[in-house]
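**Student:** This structure is in C-alpha cells; I'll ask about it shortly.
All of the numbers you see were taken from the coordinates with simple rules; none came from a lab. Predicted, not measured: the structure shown is a model, and the values here were computed from it. Reconstructed Cβ throughout: ideal geometry from the backbone, glycine too, with neighbour counts over all protein chains shown.
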Amino acid sequence: MPLCMRNEIEGLDVEAAAARLDETGWAAPAYLLLQSLRPLSFVGGQGLLFLQPFLPFARARSAIDKLAALLSDRSRLEALLAALETRLRSRGTQGQERDR
C-alpha cells in the first residue's frame, strides 16, 4: 500500500477514534490519560499485543489490536492527542458562547 494512502487511512482511524471518544463523553479523560502515559505508549501497545491472545472475544481482540497499533505509533498518538485537543477546545468555546 502506498505511504500516502496508508497515512490517509490511519488519519481516518484517528479522527474516528477522537469522534467516538467525544460522542461518549470520554474525550477529556482519554486526553489526560494519553498525555500522562505518552512516554510509555510504545511499551503499553506492545503489552496489549502480548495480552491479546488471552482475550476471550474476537471482537475485543480486533479493538485491542487497533489500540495497540495506535499506541505503538508515536505519530498516530500525537495525531489523536491533537484531534482530541481540538475537539475539547471547540467544545469549550461553544460553552463560553452559550454562557453569554
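**Student:** Ordered by packing density, taken as the mean number of other Cβ atoms within 10 Å over each peptide's residues, highest first, how do 79-85, 31-37 rank? Mind showing how you got there, number by number?
**Tutor:** On the way: 79-85: 18.6, 31-37: 13.3.
Order by mean packing, descending: 79-85, 31-37.
**Student:** In nm, give the distance between the simple-model label positions of Asp13 and Leu55, each being 7 Å from the Cα along the Cα-to-Cβ direction.
**Tutor:** According to this spin-label approximation, the distance is 1.3 nm.
**Student:** At R0 = 22 Å, how high is the FRET efficiency between Val43 and Leu88 if r is their beta carbon distance? Nearest 0.05 is fine.
**Tutor:** Values: r = 26 Å, r/R0 = 1.19.
Once the sixth-power term is evaluated, E becomes 0.25.
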